[in-house]
Amino acid sequence: MANIEKSFDAGLHSEQLKGRTQQTFFSATEEENFIYPYNGFEVDTGKKAEFDAQDIESTEINLKIRNLMKEGFGHILVKNPRAKHSVGVGILNRLSLEFEGSLGYFGCGLIDGPNIHITGRVGWSFAENMMSGTIVVEKNAGSTFGAAIRGGDLVCKGDVGSRTGIDMKGGNIIVGGRTGTLSGFMMQRGRMIVLGNAGPNLGDSMYDGTIYIGGEIDSLGVDAVESEITDLEIKWIERKLSLYGLKAPNGASKLKKIVAGKQLWNYDNLEPSEKKIVL
């Protein structure tokens with residue numbers, strides 16, 4: 001009870017939660033909610049720069065990227081990132097960014113707009129809260145890959161760890177290999193395509209969205225159910241995979257489609273505007 005009172009005092013919501021979220025996030029009439037805290041940089045994608053990150057820390061790497069954008073460079077190559085953590089984060093700008101090597105934990109989080117290519121591997125919680133743009137990882141990724149992403153295409157051509165796409169709110173996650181346990185946990189929106197096998201409890205407690213699996217599924221999570229894939233989905237998947245040089249192992253028509261059974265989240269009490277038709 002004390003925690004509920006504290007949340008009221010903090011302004012997290014104005015009434016007790018009943019069946020659906022009643023949180024008040026912001027007023028839709030306030031213009032500042034729709035603009036970045038600073039203006040984006042005017043960059044030229046034909047203007048290229050590169051630097052060696054071997055002997056510098058993550059903060060300085062991020063600062064160098066920002067300063068190069070400020071100078072109008074729209075294509076930046078970072079050599080020898082050496083799996084440093086929290087690199088390439090918070091980029092709210094159009095940009096072509098390449099990392100020649102691997103990144104550590106929490107790389108490329110909170111981005112909105114850049115196209116990023118990583119030749120190596122990435123660690124835990126990569127691309128967390130990604131909002132738009134594209135990211136392609138050539139090798140493997142750690143756990144919580146793409147947690148809470150809201151938009152864009154996030155691609156790993158290798159295997160990913162557990163809890164991939166946890167709390168996913170939109171966009172597309174594409175995995176060329178396998179995914180671990182609890183992938184798609186509490187997924188809310190968006191699409192996930194996994195061309196390999198999936199670990200236990202796939203799609204556990206998912207609210208909405210769609211997961212496609214090309215291999216075997218160890219087990220489905222609570223309220224995750226298999227559904228029939230449509231011709232429209234097959235065409236969309238084939239087109240999307242072709243953008244990144246990928247193909248479903250047995251063809252897109254053979255992918256298993258997993259959706260929410262919609263037995264957990266009090267769907268009958270949703271407002272009409274909150275209900276959504278899922279492909």
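The values are calculated or read from the model by the stated rules, or taken from the named source; none is laboratory data. Every value quoted in this text rests on a predicted model; they were computed, and no experiment measured them. A quick note on method: Cβ atoms are made from the backbone with ideal geometry, for glycine too, and the neighbour counts reach across all protein chains shown.
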Criterion: touching a residue at least 40 places away in the same chain (Cβ under 8 Å) and in contact with a strand residue (DSSP E or B) (Cβ under 8 Å, 6 or more places away or on another chain) - qualifying residue of V175, V259: V259
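Answer with yes or no whether G46 is of a type outside the set (V, I, T), surrounded by fewer than 21 Cβ atoms within 10 Å (Cβ to Cβ) and not in a helix (DSSP H, G or I).
Here the answer is yes, as G46 does meet what is asked.
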Within the stretch 257-279, considering residues that are within 21 Å of the chain's Cα centre (by Cα) and modelled with pLDDT of 90 or more, the one surrounded by the fewest Cβ atoms within 10 Å (Cβ to Cβ): K257
Extreme residue, nearest to V136 (Cα to Cα), among residues of the stretch 218-259 that are touching a Phe, Trp or Tyr at 6+ places or on another chain (Cβ under 9 Å) and not in a loop (DSSP other than H, G, I, E, B): I237
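Picking from I65, I111, which residue would you name as being farther than 22 Å from V160 by Cα, crowded, with 23+ Cβ neighbours inside 10 Å and of a type in the set (V, I, T)?
On the way: I111 fails: farther than 22 Å from V160 by Cα.
Going through I65, I111 in turn, just one is farther than 22 Å from V160 by Cα, crowded, with 23+ Cβ neighbours inside 10 Å and of a type in the set (V, I, T): I65.
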Among (1) without any contact (Cβ under 8 Å) to a residue 60 or more places away in the chain; (2) surrounded by 18 or more Cβ atoms within 10 Å (Cβ to Cβ) - the single one K157 does not satisfy: (1)
Checklist (1) at pLDDT 95 or above; (2) in a strand (DSSP E or B); (3) under 30 Å from F41 (Cβ atoms) applied to G133, failing item: (1)
Output for the stretch 201-215, where each listed residue is in a loop (DSSP other than H, G, I, E, B) and either under 20 Å from K157 (Cβ atoms) or out of contact with any strand residue (DSSP E or B) (no Cβ under 9 Å at 6 or more places or on another chain) (or both): G214, G215
The stretch 148-200, residues that are of a type in the set (D, E, K, R), in a strand (DSSP E or B) and either in contact with a Lys or Arg (Cβ under 8 Å, 6 or more places away or on another chain) or modelled with pLDDT under 95 (or both): D153, K169, R189
Residue match in the stretch 192-215 (condition: hydrophobic (A, V, I, L, M, F, W, C), touching a residue at least 40 places away in the same chain (Cβ under 8 Å) and surrounded by fewer than 16 Cβ atoms within 10 Å (Cβ to Cβ)): no
Selected residue [under 19 Å from V87 (Cα atoms), within 13 Å of the chain's Cα centre (by Cα) and among the β-branched types (V, I, T)] from T119, T164, T144: T144
